[in-house]
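Enquirer: Below is one structure. I have some questions about it.
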Amino acid sequence: MTLIKSISGIRGTIGGKIDNNLTPIDAVKFAAAYGTWLLDCNKNKNKLTVIVGRDARISGKMISSLVSNTLTGLGIDVTDLGLSTTPTVEVAVTLENADGGIIITASHNPKQWNALKLLNEKGEFLNAIEGEKILEIAENDDFEFAEVDDLGIYKKNKNYISKHIEEVLKLNLVDKEAIKNANFKVVVDGVNSTGGIAIPKLLEKLGVECVELYCDPNGEFPHNPEPLEKNLYEISELVVKENADLGIVVDPDVDRLAIVNEDGSMFGEEYTLVACADYILSHTKGNTVSNLSSSRALRDVTQKHGGTYEASAVGEVNVVALMKKNNVIIGGEGNGGIIYPASHYGRDSLVGVALFLTHLAKSKMTCKELRNSYPSYFMSKNKIELTPELDVDLILQKMADKYKNEEISTIDGVKIDFEKEWVHLRKSNTEPIIRIYTESFTQKAADQLAQKIMGEISEIAN
């Protein structure tokens, strides 16, 4: 059982002992720390409002109630969106002129996990300095709760997924008519979370026939909720059986988007961003950003359109910071996370679906043909479980030294760029593991590179 405290929030498994797991006490403590930080940042404001929303996991209602009541106990008003998505809460913070937001979700983690994701007044994730301050407040139990006449007001607003969809449909490069005229038939795997609410509603508004798979938001994930090929054999089979044009898969909080081709093969979550960027760049000249663990295909597509590509450290806040610095028109992460600033600075599967379907409709290609139009790279994603005796920083330093004659980046772990392939080694922010991502010109080559690097790490560790 695990509790992970980081600058991006608190994440852990439900049940167990205080400070070792995500217990009710830990949820209250961290919500109080966030609320206290927010009050400190807004001393000149009379009343603050925080937007709260959750995915459908079983513990969500309990954690959400604890968080909301803690915030009102501090004198902060709460607008509770109930079952929602991460991007919906982000959009709601800005549309409601709120002072912050908390999303109750552990993203792609299994059902025993939950987490508090923290947002600022722009509906964006907190930076490292802000996150460190909240951790400090939590550590010191530095809270002062409101007196009875100053308690915050709690209210519900369950219409925000529909409002979010309206905002998506307003985007200039979302062509509702082109999508409708394409007569698409789409299978949706909502992993029994809030994607099962949001994506079918969006498709209905776009005039798309929708076949639902695991779209009951009961929190009972029918398979590993991370949208990777090994977890998606059921939708692959159903796309073929239904003679559908494609399949759409999202994770429990709907900020990661994966596409399945009409023949049941994977479009590839790395290529969701590539396809959307290709469409945007064909209409708007500009630059792109993704993180160090993302495919080179985005760089290739960006350069094809005359733009410049740059890689950030892993983590949405890092991607967004570099996007703003470079005035980027589209970016994101290779895990299927689309960040389109014309909408908002957050990974958003609803925006991704609308842009992807517009691109597919206008291209007059099948999904498989569109995928084959892009440079083909193959990725291998592996991990090593961490044990207390492993000195991760020393291991990464020794790997960087070993390959010092190659192109090396150390802004986030160690990335080694070879002529035709790369490897990225980093300690995860959300799990007790070292991630080993490789990319090469064939799947076999990517797998072989990963095994070679993992073997070298094992030698160093021993």
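The values are calculated or read from the model by the stated rules, or taken from the named source; none is laboratory data. Not measured: the values here are computed from a predicted model. For neighbour counting, all protein chains shown are included, and Cβ atoms are generated from backbone atoms with ideal geometry for every residue, glycine included.
Enquirer: Looking for something in contact (Cβ under 8 Å) with a residue 24 or more places away in the chain, in a helix (DSSP H, G or I) and of a type outside the set (D, E, K, R) - is there at least one such residue anywhere in segment 95-112?
Expert: Checking segment 95-112: at least one residue is in contact (Cβ under 8 Å) with a residue 24 or more places away in the chain, in a helix (DSSP H, G or I) and of a type outside the set (D, E, K, R).
Enquirer: Out of the residues in segment 235-273 meeting the condition of being of a type in the set (A, V, I, L, M, F, W, C), over 16 Å from the mean Cα position of the chain (by Cα) and buried (at least 21 other Cβ atoms within 10 Å of the Cβ), tell me which one is farthest from Gln443 (Cα to Cα). Even if it seems obvious, please write down each step before you answer.
Expert: Going through segment 235-273, the residues of a type in the set (A, V, I, L, M, F, W, C) turn out to be 235, 238-240, 244, 246, 248-250, 254, 257-260, 266-267, 273.
Those still in the list that are over 16 Å from the mean Cα position of the chain (by Cα) too: 235, 238-240, 244, 246, 260, 266-267.
With buried (at least 21 other Cβ atoms within 10 Å of the Cβ) added as a condition, the list becomes 235, 239, 244, 246, 260, 267.
On the way: Ile235: 22, Val239: 24, Ala244: 27, Leu246: 23, Val260: 18, Phe267: 15 Å.
Among them, the one singled out is Ala244.
Enquirer: Could you check segment 129-187 and list, in sequence order, the residues that are basic (Lys, Arg) and farther than 27 Å from Leu3 by Cβ? Break it down into steps so the answer makes sense when it comes.
Expert: Narrowing segment 129-187 to residues basic (Lys, Arg): 133, 155-156, 158, 163, 170, 176, 180, 185.
Lys155, Lys156, Lys158, Lys163, Lys170, Lys176, Lys180, Lys185, listed by residue number.
Enquirer: Give the residue, chosen from Gly315, Gly331, that is under 15 Å from the mean Cα position of the chain (by Cα), under 23 Å from Thr438 (Cα atoms), surrounded by fewer than 21 Cβ atoms within 10 Å (Cβ to Cβ) and not assigned by TED's automatic domain parsing to the domain that holds Ser409. Give the derivation first.
Expert: On the way: Gly331 fails: surrounded by fewer than 21 Cβ atoms within 10 Å (Cβ to Cβ).
Only one candidate passes the filter, namely Gly315.
Enquirer: Also: With respect to Arg299, determine if the residue is over 22 Å from Val250 (Cβ atoms) and either surrounded by fewer than 24 Cβ atoms within 10 Å (Cβ to Cβ) or in the same structural domain as Trp422 (by TED's automatic domain parsing) (or both). Before the answer, list the steps.
Expert: On the way: over 22 Å from Val250 (Cβ atoms): yes; either surrounded by fewer than 24 Cβ atoms within 10 Å (Cβ to Cβ) or in the same structural domain as Trp422 (by TED's automatic domain parsing) (or both): yes.
It is true that Arg299 is over 22 Å from Val250 (Cβ atoms) and either surrounded by fewer than 24 Cβ atoms within 10 Å (Cβ to Cβ) or in the same structural domain as Trp422 (by TED's automatic domain parsing) (or both).
Enquirer: When segment 141-155 is examined, which residues are found to be surrounded by 11 or more Cβ atoms within 10 Å (Cβ to Cβ) and assigned to a loop (DSSP other than H, G, I, E, B)?
Expert: Asp142, Phe143, Phe145, Ala146, Leu151, Gly152, Ile153 - these are the residues of segment 141-155 that are surrounded by 11 or more Cβ atoms within 10 Å (Cβ to Cβ) and assigned to a loop (DSSP other than H, G, I, E, B).
Enquirer: Also: Being assigned to a loop (DSSP other than H, G, I, E, B) and of a type in the set (Ser, Thr, Tyr) is the filter here; which residues of segment 203-259 pass it?
Expert: From segment 203-259, those assigned to a loop (DSSP other than H, G, I, E, B) are 206-208, 214-228, 232, 242-245, 251-256; that's our starting set.
The answer is Tyr214, and nothing else.
Enquirer: Within the bounds of segment 66-74, is there any residue that is in a loop (DSSP other than H, G, I, E, B) and in the same structural domain as Leu118 (by TED's automatic domain parsing)? Can you show your working first?
Expert: Kept after step one, since they are in a loop (DSSP other than H, G, I, E, B), are these residues of segment 66-74: 74.
Subsequent filtering for residues that are in the same structural domain as Leu118 (by TED's automatic domain parsing) retains 74.
Yes, the conditions are met somewhere in segment 66-74.
Enquirer: Filter segment 176-195 down to residues that are of a type outside the set (A, V, I, L, M, F, W, C) and either in a strand (DSSP E or B) or free of Cβ contacts under 8 Å to residues at least 24 places away in the same chain (or both) and give me whichever is surrounded by the fewest Cβ atoms within 10 Å (Cβ to Cβ). First the steps, then the outcome.
Expert: Here is the first cut: in segment 176-195, the ones of a type outside the set (A, V, I, L, M, F, W, C) are 176-177, 180-181, 183, 185, 189-190, 192-195.
Next cut, either in a strand (DSSP E or B) or free of Cβ contacts under 8 Å to residues at least 24 places away in the same chain (or both) only: 177, 185, 189.
Details: Glu177: 11, Lys185: 16, Asp189: 29.
Filtering segment 176-195 for residues that are of a type outside the set (A, V, I, L, M, F, W, C) and either in a strand (DSSP E or B) or free of Cβ contacts under 8 Å to residues at least 24 places away in the same chain (or both), the one surrounded by the fewest Cβ atoms within 10 Å (Cβ to Cβ) comes out as Glu177.
Enquirer: When you go through Leu171, Leu119, Leu202 one by one, which is the residue that is under 20 Å from Asp99 (Cα atoms), touching a residue at least 12 places away in the same chain (Cβ under 8 Å) and not β-branched (Val, Ile, Thr)?
Expert: On the way: Leu171 fails: under 20 Å from Asp99 (Cα atoms); Leu202 fails: under 20 Å from Asp99 (Cα atoms).
Result: Leu119 is the single residue among Leu171, Leu119, Leu202 that is under 20 Å from Asp99 (Cα atoms), touching a residue at least 12 places away in the same chain (Cβ under 8 Å) and not β-branched (Val, Ile, Thr).
Enquirer: Further question on the same structure: If a residue must be acidic (Asp, Glu) and buried (at least 22 other Cβ atoms within 10 Å of the Cβ), how many such residues does segment 35-56 contain?
Expert: Residues of segment 35-56 that are acidic (Asp, Glu), as a first pass: 40, 55.
Pick out the ones that are also buried (at least 22 other Cβ atoms within 10 Å of the Cβ) and you get 55.
The qualifying residues number 1.
Enquirer: Would you mind finding the one in Ala115, Ala106, Ala138 that is buried (at least 21 other Cβ atoms within 10 Å of the Cβ) and out of contact with any helix residue (DSSP H, G or I) (no Cβ under 9 Å at 6 or more places or on another chain)?
Expert: Details: Ala115 fails: out of contact with any helix residue (DSSP H, G or I) (no Cβ under 9 Å at 6 or more places or on another chain); Ala138 fails: out of contact with any helix residue (DSSP H, G or I) (no Cβ under 9 Å at 6 or more places or on another chain).
Checking each option against the conditions leaves just Ala106.
Enquirer: Being surrounded by 17 or more Cβ atoms within 10 Å (Cβ to Cβ) and among the charged types (D, E, K, R) is the filter; apply it to segment 399-416 and report the residue that is modelled with the highest pLDDT.
Expert: Of everything passing the filter in segment 399-416, Lys415 is modelled with the highest pLDDT.
Enquirer: One residue is enough: does segment 57-66 have a residue meeting the conditions within 24 Å of Asn140 (Cα to Cα), out of contact with any His (no Cβ under 8 Å at 6 or more places or on another chain), at pLDDT 95 or above and surrounded by fewer than 24 Cβ atoms within 10 Å (Cβ to Cβ)?
Expert: Yes, because at least one residue in segment 57-66 is within 24 Å of Asn140 (Cα to Cα), out of contact with any His (no Cβ under 8 Å at 6 or more places or on another chain), at pLDDT 95 or above and surrounded by fewer than 24 Cβ atoms within 10 Å (Cβ to Cβ).
Enquirer: Of the conditions (1) exposed (fewer than 15 other Cβ atoms within 10 Å of the Cβ); (2) closer than 30 Å to Lys170 by Cβ, Thr366 clears all except one; give me its number.
Expert: Condition not satisfied by Thr366: (1).
Enquirer: On the basis of being free of Cβ contacts under 8 Å to residues at least 12 places away in the same chain, in contact with a Ser or Thr (Cβ under 9 Å, 6 or more places away or on another chain) and either surrounded by fewer than 20 Cβ atoms within 10 Å (Cβ to Cβ) or among the aliphatic types (A, V, I, L, M) (or both), does Asp393 make the cut? Walk me through it before giving the result.
Expert: On the way: free of Cβ contacts under 8 Å to residues at least 12 places away in the same chain: yes; in contact with a Ser or Thr (Cβ under 9 Å, 6 or more places away or on another chain): no; either surrounded by fewer than 20 Cβ atoms within 10 Å (Cβ to Cβ) or among the aliphatic types (A, V, I, L, M) (or both): yes.
Spelling it out, it is not the case that Asp393 is free of Cβ contacts under 8 Å to residues at least 12 places away in the same chain, in contact with a Ser or Thr (Cβ under 9 Å, 6 or more places away or on another chain) and either surrounded by fewer than 20 Cβ atoms within 10 Å (Cβ to Cβ) or among the aliphatic types (A, V, I, L, M) (or both).
Enquirer: Filter segment 233-278 for residues that are out of contact with any Lys or Arg (no Cβ under 8 Å at 6 or more places or on another chain) and more than 30 Å from Ile329 (Cβ to Cβ) and give the result.
Expert: Tyr233, Glu234, Ile235, Ser236, Glu237, Leu238, Val239, Val240, Lys241, Gly264
Enquirer: Here's a follow-up. Hey, can you tell me all the residues within segment 160-172 that are surrounded by fewer than 17 Cβ atoms within 10 Å (Cβ to Cβ) and closer than 24 Å to Arg256 by Cβ? Step through it out loud before you land on a result.
Expert: So in segment 160-172, the residues surrounded by fewer than 17 Cβ atoms within 10 Å (Cβ to Cβ) come out as 162-163, 166, 169-172.
Listed by number, the residues that qualify are Ser162, Lys163, Glu166, Leu169, Lys170, Leu171.
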